[in-house]
There are 2 protein chains.
Amino acid sequence: MADKDTLRERQRRRERPKKAPLTRQGILNAALTTLREEGLNKVTMRRIATALDTGPASIYVYFRDTEDLHVQILDALLGHVGTSPITGGTWQEQIKALLTRYRDVLFEYPEIARMALSTRLSGPNYLTLVDAALALLQEGGLPDREAAWGIDQLLLFTTAVAAEQSTRQAMPGAAEEELALAFEVAAVDAGQYPQIARLGNELLSGTGPDRFAWGLDVLLSGMRNTHRQVENPDPSTTTP
Amino acid sequence: MADKDTLRERQRRRERPKKAPLTRQGILNAALTTLREEGLNKVTMRRIATALDTGPASIYVYFRDTEDLHVQILDALLGHVGTSPITGGTWQEQIKALLTRYRDVLFEYPEIARMALSTRLSGPNYLTLVDAALALLQEGGLPDREAAWGIDQLLLFTTAVAAEQSTRQAMPGAAEEELALAFEVAAVDAGQYPQIARLGNELLSGTGPDRFAWGLDVLLSGMRNTHRQVENPDPSTTTP
DNA sequence: ACCTGAACACCGTTCAAGT
DNA sequence: ACCTGAACACCGTTCAAGT
């Protein structure tokens with residue numbers, strides 16, 4: 001009877017509430033939860049498997065290896081970074097807004113940013129972001145040749161800033177490290193490192209966001225003034 | 001007798017040839033050998049300890065943890081990057097030569113570059129490099145405020161390029177990945193990613209060194225044309 | 001102080017066997 | 001095809017005990 005079946009069904013669920021048919025999405029969701037609650041280095045095959053009430057081998061049905069899992073997490077995280085519209089301002093301001101949005105995602109998940117540097121990304125959400133940025137560069141009148149290389153540099157800078165900055169704030173003892181750095185700069189031997197001693201605290205000045213914004217301005221300004229050389233065509237790799 | 005002692009000494013050495021008094025340098029040397037022969041992720045506490053014929057706990061006498069070991073390896077690797085003289089050319093060419101030298105070291109050890117992004121470096125060799133670069137920026141007439149932030153960006157870019165590029169070439173299957181990327185760009189949906197489709201192979205053009213050199217030019221040019229805003233002084237953190 | 005064996009609490013990945 | 005338990009070959013770090 002329906003009643004009896006429902007009851008039995010409920011009891012079964014209560015016993016093992018997380019047990020559901022294994023799917024790619026299900027694994028990804030469990031991974032995202034673990035990421036939020038415990039950080040990327042707890043997003044391990046074994047842990048996700050345990051959360052889903054199975055053995056580690058099961059995850060390998062859907063993900064090639066741990067890196068594959070992490071890459072797919074990032075694209076899931078990127079969500080609508082590239083699609084939600086950006087309004088107002090010059091094209092420079094718009095591209096800065098777009099990249100800041102990207103940086104903010106990476107900022108929330110320090111280790112993801114570091115991973116993003118060592119893996120070619122190719123998820124749909126990432127491609128959308130790249131396309132949107134390229135459109136803005138074109139709008140700004142940047143020649144295609146420079147835009148093609150420039151987008152790489154803009155994304156590389158953004159990712160690197162996130163990887164660098166977010167590590168510190170997320171880690172226990174980050175504050176002490178900052179302080180130690182300040183002392184170090186102050187204590188630096190003026191004979192051995194004259195420039196560092198001379199610039200002193202100027203080296204540590206400014207907030208993360210201010211430095212990031214300045215960095216983007218430098219890149220955008222530099223790109224417009226730096227033409228790519230015509231590459232010397234290598235005859236050995238060119239068909240006649 | 002001397003003869004007998006020497007013989008006994010030799011035999012003792014032959015039995016356990018690596019056993020020597022444990023020193024920081026000795027551990028570092030063993031670590032460098034392992035790095036060269038097996039890569040950074042084999043530079044583990046346990047492995048170095050085994051190589052030195054002792055238990056893992058012994059390493060903790062000289063290094064706080066695994067990260068500390070890795071950081072000190074990088075500074076050892078940096079050797080004379082910052083001290084051996086750079087001759088000829090404009091200050092731009094000189095700073096490019098200096099950073100290229102830095103990149104080359106990081107290129108040889110992919111994982112070290114990635115690590116360098118997430119850890120504040122402060123070894124003597126690293127500071128020497130920073131100081132030399134700052135001197136060149138000053139020689140080029142870059143104002144101190146911009147130089148202080150600019151050096152950060154130059155080093156960040158260099159490290160990121162090394163982390164990104166070197167991963168691919170060092171990994172098994174890097175060639176296939178490049179190829180897969182090329183196919184991907186070719187196959188991209190022109191409706192969904194119009195800009196990527198439009199630029200096509202332009203996005204993949206150029207060699208690593210050409211892109212790196214262009215990137216440095218962009219940065220150096222941009223820095224000279226981008227003044228730092230006067231930061232809005234935050235009254236809550238300023239003493240009156 | 002310096003050094004260490006042993007223990008604790010984890011990992012990724014593969015494989016043979018199950019459904 | 002999809003899923004899994006068990007096994008293999010590793011990790012970092014701490015601690016109590018030794019010299």
How about the range A:61-110: which of its residues are within 16 Å of DNA strand C (Cβ to nearest atom), assigned to a loop (DSSP other than H, G, I, E, B) and within 14 Å of chain B (Cβ to nearest Cβ)?
-> A:R64, A:D65
Among the residues of the range B:219-240, write down those that are farther than 15 Å from B:L142 by Cβ and either modelled with pLDDT of 55 or more or buried (at least 17 other Cβ atoms within 10 Å of the Cβ) (or both).
-> B:Q229, B:V230, B:E231
Members of the range B:130-145 found to be touching a residue at least 40 places away in the same chain (Cβ under 8 Å), among the acidic types (D, E) and at the interface with another protein chain (Cβ under 8 Å from one of its Cβ atoms), listed by number = B:D131
Flagged in the range A:111-128 as part of a helix (DSSP H, G or I) and at the interface with chain B (Cβ under 10 Å from one of its Cβ atoms), in numbering order, are A:E111, A:A113, A:R114, A:M115, A:A116, A:L117, A:S118, A:P124, A:L127, A:T128
If you check B:L52, B:L69, B:L78, which single one turns out to be more than 23 Å from A:I196 (Cα to Cα), crowded, with 19+ Cβ neighbours inside 10 Å and more than 11 Å from DNA strand D (Cβ to nearest atom)?
-> B:L52
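Here's the yes/no breakdown for (1) of a type in the set (G, A, S); (2) modelled with pLDDT of 90 or more; (3) assigned to a helix (DSSP H, G or I):
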{"residue": "B:A132", "(1), (2), (3)": "yes, yes, yes"}
{"residue": "B:A135", "(1), (2), (3)": "yes, yes, yes"}
{"residue": "B:E146", "(1), (2), (3)": "no, yes, yes"}
{"residue": "B:Q165", "(1), (2), (3)": "no, no, yes"}
{"residue": "B:R168", "(1), (2), (3)": "no, no, yes"}
{"residue": "B:E177", "(1), (2), (3)": "no, no, yes"}
{"residue": "B:V185", "(1), (2), (3)": "no, no, yes"}
{"residue": "B:R211", "(1), (2), (3)": "no, yes, yes"}
Is there any pair with a first residue in the range B:30-49 that is among the charged types (D, E, K, R) and a second that is surrounded by 18 or more Cβ atoms within 10 Å (Cβ to Cβ) whose Cβ atoms are under 7 Å apart and which are 6 or more apart or on different chains, and what are they?
-> B:K42/B:T34; B:R47/B:T34
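The values are calculated or read from the model by the stated rules, or taken from the named source; none is laboratory data. As the structure is a computational prediction, the values presented were derived from the model and not from experiment. Neighbour counts are summed over all protein chains in view; Cβ atoms, including those assigned to glycine, are modelled from backbone coordinates with ideal geometry.
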